[in-house]
Amino acid sequence: MDFRAPPPSPVASARRTSSLSNDDVFRRFLETSLRLPNINNNHRKPLPKVDFSSLCSDDALRHVISDSFATVGCFQLLNHGIPLDVIASPAEASIAIFQVPPEKRGGATRSAESPWGFDDEDEFVWGRDKEFNLRMQQLSPTGYSNFNKKMENLVARIENVAEKILQVILQDSPPKIANSVDMICGHERGTLCSVYKHCSDNMSGQCANSLNYDVIRMLVRGNQSSHCLCLHLCDGSSEFQVYSKKGWLSFFPEKGALVITAGDQTQMLSDGHYKDVIGRPIFKGEKEDCISMAFLYSPPNKKSNFQNSGERTISLGLQVLLAMILTLVCHVLFYV
C-alpha cells in the first residue's frame, strides 16, 4: 500500500502575528540587554566609605555597610590594617605567573572540575589546592613558590577582615537572616583569589578593542564561584565599575582602600535585600602593566570542621570504658 505523509497543518494568521510580535520583543530584549555601557561617559558617584578601625565602636558605620549593600552592593573599606608591603609583594610576584608561555598552561587551566588556574591570558585564579600548587611549581619552580608563600600571608589577613565584615552584616540584620548563616557555610575549597593583569596605555588601542569583550565575558560568566563577599585590591585604579540588575555604576576608590562587593550568598542570605553585583577596576594613564586582585570569601564549613574534629577526639563513653580497663589492670598488677 502507498502510505503518504499527511499535509502540514494550517497555521492561523493570529498565531503567526503573535509569533512575529514575540520575535520582535525578543529582539528588542537582546538589543537592550547586550548594549554595553559607554564607560567613558558613565555617571560617576562617590563610593560609600567605612573606616575599619572605628567599625566596632561606631554603630553608624554598621548601617553604612547594610545600606550600601542594599543600594549599590558595595563600599570601600579604609584603614583596613593590611600593610602595603603585604599587598604589593604577591602582586609583584604574580608577574612570573603570567610569564608562563601559553603552550605550557594546558595542565593548569580552569575547568568545571578545577576552579584554579589560568582563565585567560590576563587572569589567574589562585587557591589552596595542594595538587594544583604542585603542578604550578613544575611550570614555574622559583616564581610560583615565592608567589604562593606571599599569597598565603595576604589571604590570611584578607579572611580576618572579611570575617569581621560578615559579623557586622549579621549583627545589623534581622534575626531570620542571622540565624540562617549556616545555609551559606560550606566551601571546602577555601578563599579564591583572581589575579588580573591590566595592560598599560602603550596597548591602549588593543585594550579599547577588547574592552567590550571583557565586559561581555564578565557578564556571561558572572561569578562562577559562589561566594559571600568579594574583596578587591585595586590600588592605583582610575575608577571601579560595578554591574547589577539596576545597571552600571562607576566609582572613584580612594588610594589604599579595599573595595568590598556583595556576592550571591549574601543576596540569598538577605532574601534579596542585599544586591549581588559584579565589579572590576579600570586602570587608565598607566605606562606599565598593573595587577589587581579579587578575593572570593565564604564562611568556613562548620559542619565539615565539626566532623573532622570528631574524628580526632574520643567519645565520653569510650573514655569511661578505657578508665575502667586501666583501673582493672592496675588492680591486677597490684595483686600480682
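Read-outs: derived from the displayed coordinates by stated rules, not from any lab. Everything numeric in this text was worked out from a predicted model, so none of it was measured. Note: ideal-geometry Cβ built from the backbone for every residue, glycine included; neighbour counts use all protein chains shown.
Summary table
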item: S225 long-range amide H proximity, modeled H, under 5 Å; result: none
item: Highest average packing first - 253-260, 126-133, Cβ atoms within 10 Å; result: 253-260, 126-133
item: When each of K130/K197; K130/K284; K104/K255; K197/K245; K104/K246; K104/K164 is checked by Cα-Cα distance, pairs over 31 Å; result: K130/K284; K104/K255; K104/K246; K104/K164
item: Under Karplus coefficients 6.51, -1.76 and 1.60, residue-wise ³J(HN,Hα) of segment 134-140 in Hz, glycine/proline x; result: 5, 5, 5, 5, 6, 6, 9
item: Vicinal HN-Hα couplings computed from phi for segment 124-133 (Karplus, 6.51 cos²θ - 1.76 cosθ + 1.60; Hz; Gly/Pro x); result: 9, 10, 9, x, 9, 7, 5, 4, 5, 5
item: Segment 56-61 - phi-based ³J(HN,Hα) in whole Hz, Karplus 6.51/-1.76/1.60, Gly and Pro as x; result: 6, 9, 10, 5, 5, 5
item: Equivalent ellipsoid dimensions for segment 58-172 as semi-axes, Å, which come from the Cα gyration tensor, largest first; result: 34, 16, 12
item: Residues whose placed amide H lies under 5 Å from that of V277, excluding near-sequence neighbours; result: A262
